[in-house]
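Here the structure comes first, spelled out in structure tokens, and everything after it is commentary.
Nothing in this text is a laboratory measurement; each read-out follows from the coordinates by a stated rule. Bear in mind that the values here come from a model prediction, so they are computed numbers and not experimental data. Here Cβ is always computed from backbone atoms with ideal geometry, including for glycine, and neighbour counts include all displayed protein chains.
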Amino acid sequence: MKKFFSLIALVGVIAACTPEQVETAFKLAGGKVLVNVEVVDIINGGTYSGPVDIHFTRGGLDITNEFQTIVGSGPHAYSWQAAESQAVAAGDYGVIVKGDKLAKDYTSAFVFPEVLAGGMAAIRVIVPVGEPINGYTCDTFWDEEDIEEGEDVGLLENKDYKTYAYSHDGIDTWYYNNSEYILEGNVTGDDIWWLYEVSNVVDHNYLGFEEVVDNLVDYWGDDEYIWPFDYPFYVSAWAMWNIRQINYWEKIPMDVIAWKDADEDGEIDENEKDSAIELGSFDVKYTETVELVPYELPYPGAAGHYHYGHGHDAHGTMPNAGGGISFNE
């Protein structure tokens with residue numbers, strides 16, 4: 001009889017609770033996955049302080065809103081949780097690490113079993129970053145369609161010739177020969193500009209490749225030299241004159257590429273393209289031709305004495321008398 005009354009009492013208690021209260025009493029938190037990520041620098045050893053971006057995937061797809069930037073050696077904890085009373089399904093997971101100093105994205109994969117409601121599973125993932133340069137070939141490449149062409153114009157540097165301030169044809173200062181004789185001179189190799197000029201250097205400074213771009217820039221920069229040249233010139237009597245130096249150049253954009261050259265043939269073969277890394281870029285300005293062009297004008301106030309290519313006799317009675325040659329000291 002006591003049992004009967006106890007059962008009646010339990011029914012009374014249940015009847016006194018609302019359906020929502022009963023449902024809440026039996027709900028569990030959703031299953032939870034916890035991942036501790038540590039990024040390790042395999043070039044210099046130890047942990048890598050970043051910053052790097054960490055991105056998670058599940059079943060090959062991105063996990064929404066799980067893309068974060070970290071700074072510091074780690075480990076860094078990340079978690080995601082199923083809805084209330086729901087399990088986290090078993091699946092393949094991945095951690096992708098990206099960073100400005102990383103030549104490529106690094107991925108670690110792991111598998112979680114199903115995590116039931118109310119339960120939690122944790123795992124520690126170590127992601128190695130940095131690319132050992134051993135086994136890579138580094139070189140520069142360019143596309144001929146991107147090469148620019150142009151010219152630079154300079155004037156003969158003053159070699160103690162007499163000058164006259166006069167503006168004509170873009171030249172503001174002219175040398176002059178106010179004598180009856182042809183002036184003879186020489187332009188030597190000291191007047192020729194540099195052959196190579198490196199500019200617009202972009203170095204991605206990837207972990208493990210920090211010095212590669214610098215070394216190639218230095219290589220091209222060290223190739224600068226003075227073009228040996230000896231150019232004799234003659235200036236007419238009673239002339240203002242100058243010599244223009246025209247450097248015809250090409251600007252070549254260089255891309256610095258590293259790749260795993262398995263057959264060591266110095267070429268990126270089809271099966272090696274996936275390993276290629278663009279380390280940086282720079283421009284090389286290459287002077288391929290130098291032209292020296294003399295210019296003359298009649299000396300002001302002596303136009304009647306000036307005849308191109310000639311000296312003049314002392315009396316001025318014969319316009320093309322030839323005269324003599326004056327050697328510049």
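What the table shows:
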| read-out | value |
| --- | --- |
| Residues Lys260 and Glu114, FRET efficiency given R0 of 41 Å [Cβ-Cβ distance, rounded to 0.05] | 0.55 |
| Burial order of peptide ranges 231-241, 158-168 (average beta-carbon count within 10 Å, highest first) | 231-241, 158-168 |
| Per-peptide average of other Cβ atoms within 10 Å, ordering 142-150, 244-252 highest first | 244-252, 142-150 |
| Per-pair calculated FRET efficiency, R0 = 30 Å: Glu38 and Asn205 via Cβ, rounded to 0.05 | 0.85 |
| Separation in nanometres of the label points that stand 7 Å from Cα toward Cβ, at Thr47 and Glu84 | 3.7 nm |
| For the range 27-129, share of DSSP beta bridges that run antiparallel, in % to the nearest 5 | 75 percent |
| Using a Förster distance of 22 Å, the FRET efficiency for Asn271-Thr107 (Cβ separation, nearest 0.05) | 0.55 |
